Amino acid sequence: MSATPATSVDRKSKILEELMRIMQDLSGMDESQIDVHRTFLELGFDSLFLAQANGAFKKAFKVRITTRQLMEKMPTLAALAEHLDRELPPEAFKVEEPVVQQPTAQVAIQDAGVPAAPMLSNLPLGTQVAVGSGSPLETLIVQQLQLMQQQLAALRGEGVSSAVTAQVAATHAPATSAAVGDATKSQAGRDAVGDTHDKTSPWQPVEKKDDGTLSETQKEHIDKLVQRVLKRTPGSKEMTQANRARLSDPRTVQGFRKQWKEIVYPIVSDRAEGSKIWDVDGNEYIDVVTGYGSNFLGHAPKFVLDAVREQISKTVAIGPQTPLAGQVAELICEMTGMERAAFCNTGSEAVLAAIRCARTVTGRTKLATFAGHYHGIFDEVLVKGMGQGARRKSLPIAPGIPGKKVEDVVVLEYGNPESLDVIRENADELALVLVEPVRSRNPDLRPIEFLHSLRALTEELDIPILFDEMVTGFRTHPGGAQHLFGVRADLATYGKVFGGGFPIG
Ligand SMILES: Cc1ncc(COP(=O)(O)O)c(C=O)c1O
């Protein structure tokens, strides 16, 4: 049988099928939630997700597409399939004609006493193949022939729905679209775990476009504000500009919006004391966040600086142990109720070390963490959850973090009892449950009852639990959130505040 040339419709379906597979795989959504005619943004996929998906598209199709093109030029899966169909060379993603083993079929049919099948590819669609005696074998063969006939018709582009075109049709039906949209919103990760547009995430994409949502009054207000800030802080702006070529600091673009791009620069401060900071233009500010919340004692507390000066005059040798280490460990244990303490330079290192301890002791690998909890800057904890149940997925929250790095992390919803079920299901593999008892990025939620249940469950299942007390430690109470909520953790990490303005973990 001669090969029927693949038509564009067939190839597009195949491409769409592959795109759908990639999107499902990455997002943890199922096909009923991905309407190929809705824009990626409508489906809840942000620019970061699209950048990740784009990597997978490139791998699968070997075609260069920019994330910007995905956002602007081909913002739906259907449009993307269309584009790929145009761009791909004829031999790529070719639809293979199903092999119709005619001689064998004939033998079988003849053996069964049924006349030889006509040339299927020549039959008009819907032609019924004559059935002989109607025995089960005959019926089966006839059904297969009819199925083949349909496949061939699909290959010829005669409008018979392939699996994908059926999906497309189903998802494109108006009623389904509405349902999909809602389900997508809640299940793609917004309500479930990790909002795809999470404004509290440590990673925020730079928004270069004016989204057009501001009223004239708001625009006027912003313009005036920009002028006032520029007039007040020219020194900070000049320094930022002058240093831009050499100094790589993400804060110089943080909060970027076209409307106020002229004032997207950090305030450069040359002095800080107590609750105040002074910038290079001589402006005095009350620092309401004092070191992003870490300076409980204010900036540069005198007794801390005196002690540090004294120590520097003696030694800050790297390598040997200082006699102070044991004393400080003793004090930390006394205050926090923990059994032993180890020191490092940052909170991130402390969490990293705690994870390694837990994996070593349990011999297990997986981690459970909660959406919106922050645990530092290393890859494995910069993660967001997508999907539910068997489709639960973990994705990096920032470009540059390979998906593999977060494969062993299960992201759950904080305070939701269903998260306890997931922990139970994964118990055999879980090395550690990480909790930020009060989320520093969203402190409203303090699910004390949930924390008690979580503790009871992890005790029952013999899974260690870590309280990341980087922010809650010492300042909510000397014993931190553990004391406040009456829950004891197996491991706890501290930092920031007890460094009195110096980095520690
Ligand atoms: C709860 C929590 N854990 C871990 C860290 C990481 O600490 P560091 O910035 O010292 O690495 C932070 C930092 O903000 C934090 O708030």
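The values are calculated or read from the model by the stated rules, or taken from the named source; none is laboratory data. None of the values given here were measured: they were computed from a predicted structure. Cβ atoms come from the backbone with ideal geometry, glycine included; neighbour counts cover every protein chain shown. Heads up: the accessible areas ignore ligands, DNA and RNA and are worked out on the full protein's heavy atoms, side chains in. Shrake-Rupley method; radii C 1.70, N 1.55, O 1.52, S 1.80 Å.
Key figures for this structure:
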item: Residue match in the stretch 378-387 (condition: in contact with a His (Cβ under 7 Å, 6 or more places away or on another chain), under 30 Å from Arg21 (Cβ atoms) and open to solvent by less than 30 Å² (accessible area, probe 1.4 Å)); result: yes
item: All positions within the stretch 446-498 that are in a loop (DSSP other than H, G, I, E, B) and within 14 Å of the ligand (Cβ to nearest atom); result: Glu469, Met470, Val471, Thr472, Phe474, Arg475, Thr476, Ala489, Tyr494, Gly495
item: Test: residue in the stretch 429-444 that is in contact (Cβ under 8 Å) with a residue 40 or more places away in the chain, outside any helix (DSSP H, G or I), farther than 20 Å from Val289 by Cβ and open to solvent by 60 Å² or more (accessible area, probe 1.4 Å); result: yes
item: Pick from the stretch 278-302, criterion polar (S, T, N, Q) and in contact with a helix residue (DSSP H, G or I) (Cβ under 9 Å, 6 or more places away or on another chain), ranking: farthest from the ligand (Cβ to nearest atom); result: Asn283
item: Filter pass, Ala342 being within 16 Å of the ligand (Cβ to nearest atom) and touching a residue at least 40 places away in the same chain (Cβ under 8 Å); result: no
item: Matching residues in the stretch 368-385 - criterion: being within 12 Å of Glu407 (Cα to Cα), away from the ligand (no atom under 13 Å from the Cβ) and of a type in the set (A, V, I, L, M, F, W, C); result: Ala368, Val383
item: Verdict on Asp408 being out of contact with any helix residue (DSSP H, G or I) (no Cβ under 9 Å at 6 or more places or on another chain), charged (D, E, K, R) and away from the ligand (no atom under 16 Å from the Cβ); result: no
item: Qualifying position, being open to solvent by 60 Å² or more (accessible area, probe 1.4 Å) and over 27 Å from the mean Cα position of the chain (by Cα), among Val308, Val316, Val328; result: Val316
item: Filter result for Ala358 (more than 14 Å from the ligand (Cβ to nearest atom), touching a helix residue (DSSP H, G or I) at 6+ places or on another chain (Cβ under 6 Å) and under 20 Å from Gln482 (Cα atoms)); result: no
item: Residues within the stretch 274-290 that are exposed (fewer than 13 other Cβ atoms within 10 Å of the Cβ) and outside any loop (DSSP other than H, G, I, E, B), tallied; result: 2
item: Exclusive hit being outside any helix (DSSP H, G or I), of a type in the set (Phe, Trp, Tyr) and open to solvent by 90 Å² or more (accessible area, probe 1.4 Å), set Phe256, Phe296, Phe303, Phe343; result: Phe296
item: Count of residues meeting criterion [among the aliphatic types (A, V, I, L, M) and over 18 Å from Gly480 (Cα atoms)] in the stretch 317-351; result: 4
